[in-house]
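This report concerns only the one structure given below.
Here, each number is a calculation from the coordinates, and none is a lab measurement. Remember, it's a predicted structure, so these values are computed and weren't measured experimentally. Neighbour counts are summed over all protein chains in view; Cβ atoms, including those assigned to glycine, are modelled from backbone coordinates with ideal geometry.
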Amino acid sequence: MKNTALLEVHEALGAKIIPFAGYNMPVQYEGINAEHDTVRNGVGVFDVSHMGEFWVKGPKALDFVQWVTSNDASKLWDGKVQYSCFPNDKGGIVDDLLVYRFNKDTYLLVVNAANIDKDWEWCNRQNKMGALLYNASDEVSQLAVQGPLALKAMQKLTNTPILNMEYYTFQIVEFAGVKDIILSTTGYTGSGGCEIYFDNKHAVSIWNAVMEAGKEFGIKPIGLAARDTLRLEMGFCLYGNDIDDTTSPIEAGLGWITKFTDEKEFINKACILKHKQEGVTRRLVGFEMVDKGIPRHEYLIEDANGNTIGVVTSGTMGPAVKKAIGMGYVPPAYAKEGSEIYIRVRDKSLKARVVKFPFYKEL
């Protein structure tokens, strides 16, 4: 197991530490519901240093990013971030990721921790055009400072104006006395805020500065368990649960990050375009429980007659929406908003209703 540069800090704060994606990570501090509420209404900080970072550089950088990702990176400008995915050669998804454009010859790909080795091997295998790739994952720490008060708190640590940054943009700033920090208005919670990237050697000092700056706003450390409930309330996919090597971007509702323009070629474009044009046999939907019960990962989804029609990929009791909610794959006939489906919870078939994402709408 690997450790982030902040493991001892989490242990000193009394965090419950669990193995996650090859790292010892804090799953919770004071409790999921309290931490969830902190991010929805104030400001919380996550150590997400386990995430992976790949630099793509050189005159062939854009050609590589265009080929290996589904979204159209030619639309990026310096300081812009894009959500995308790596299509595989079977019509599925290698991983979902963020693409940062620094300039026309420099991009940063931020990938999921559990997939770092798989993604790195995949990227190298696909690099037929000779882009310069560098895996910086073991050198970079990352904090996600999330919540409606996050930017207000973090503005105290930099002279660069950040309060009015557009969503999914980034700047290189001096932050907490450290130069060349990447600060982006991205996150996985749906409550605003930023993500900050820096060298491991600065991790403890920046963590302490963030906590001090956020003190007047009630900042608290937040674990991975609340990160999961927050993203689920937004309907954000979790790789390994809601999307994987067998799920098409079209099935997963990620057609909006899959661009089929004549100018863009990407891995297995023809196969995924066929999914879009001819339709797919299942779709990822959100649902809320009508009957009392909490859906969980891998619970079966049934029709009114008890026939299995799909499977739950993610489920929880949403702390902010105060409802039992979930995501799962069902045939298109059951994917329409308002459709009734049933979740097999232990030995009971409990009614649920298909709803539109996000579950949490109070933004």
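May I ask you to list the lysines whose Cα is less than 20 Å away from that of residue 16, ignoring any residue fewer than eight positions away on the same chain?
2, 220
What's the Cα-based Rg to Rh of segment 52-135, Rh via Kirkwood?
Numbers: Rg = 11.4 Å, Rh = 12.4 Å.
With Rh from the inverse mean 1/r over Cα pairs, Rg/Rh is 0.92.
Using helices alone, I'd like the mean residue ellipticity at 222 nm for the chain: each DSSP H run of four-plus residues gives -39500 (n - 2.57), total over residue count, nearest 500. Could you put the intermediate results ahead of the total?
Working: 8 runs with 72 residues, N = 363.
Only helices count here, giving -5500 deg cm²/dmol.
Does segment 281-363 come out rounded, prolate or oblate, given a ≥ b ≥ c as the square roots of the eigenvalues of its C-alpha gyration tensor, rounded meaning a/c under 1.5 and, failing that, prolate meaning a/b above b/c? Write down the numbers at each step before the final one.
Numbers: a/c = 1.81, a/b = 1.27, b/c = 1.43.
Oblate, since a/c reaches 1.5 and b/c is not below a/b.
Determine, for segment 281-363, the count of lysine pairs separated by eight or more sequence positions (or lying on different chains) whose alpha-carbon distance falls under 14 Å. Display every interim value, and only then the final one.
On the way: 292/322; 292/323; 292/348; 292/351; 322/361; 323/351; 323/361; 336/356.
Taking the Cα cut-off of 14 Å, the pair count is 8.
Share of Cα-Cα pairs in segment 199-260 beyond 18 Å, in percent?
Numbers: 1140 of 1891 pairs.
Considering segment 199-260, 60 percent of its Cα-Cα pairs are separated by more than 18 Å.
I want the local charge near residue 43. Using Cβ-Cβ distances under 13 Å, sum +1 for each Lys or Arg and -1 for each Asp or Glu among the other residues. List each step's numbers first, then the result.
Values: positive: 40, 152, 156, 215, 220; negative: 35, 37, 212, 216.
Result for the local shell: +1.
Please rank 237, 85, 271, fewest neighbouring Cβ atoms within 10 Å first, as an exposure proxy. Walk me through the numbers on the way to the answer.
Details: 237 22, 85 25, 271 15.
Ascending Cβ contact count within 10 Å gives the list 271, 237, 85.
Using the Cβ atoms and a cut-off under 11 Å, what net charge is assigned to the surroundings of residue 238, where Lys and Arg are +1 and Asp and Glu are -1? Can you show the working numbers first?
Numbers: positive: 227, 231; negative: 96, 228, 242, 244.
Residues close to residue 238 contribute a combined charge of -2.
Rank these for me by crowding, 256, 55, going from fewest to most other beta carbons within 10 Å. Mind dumping the intermediate values first?
Details: 256 9, 55 17.
Ordered from fewest to most neighbouring Cβ atoms within 10 Å, 256, 55 come out as 256, 55.
If Lys and Arg each add +1 and Asp and Glu each add -1, what is the summed charge of the other residues whose beta carbon sits under 10 Å from the beta carbon of residue 311?
Working: positive: 282, 344; negative: 298.
Surrounding charge for residue 311 is +1.
Please arrange 278, 298, 30 by counting, for each residue, the other beta carbons lying within 10 Å of its beta carbon, fewest first.
Values: 278 8, 298 11, 30 16.
Least crowded to most crowded, the residues run 278, 298, 30.
Number of Lys-Lys pairs in segment 52-135 under 21 Å by Cα, sequence gap 8 or more or different chains?
Lysine pairs satisfying the spacing and distance rule in segment 52-135 number 15.
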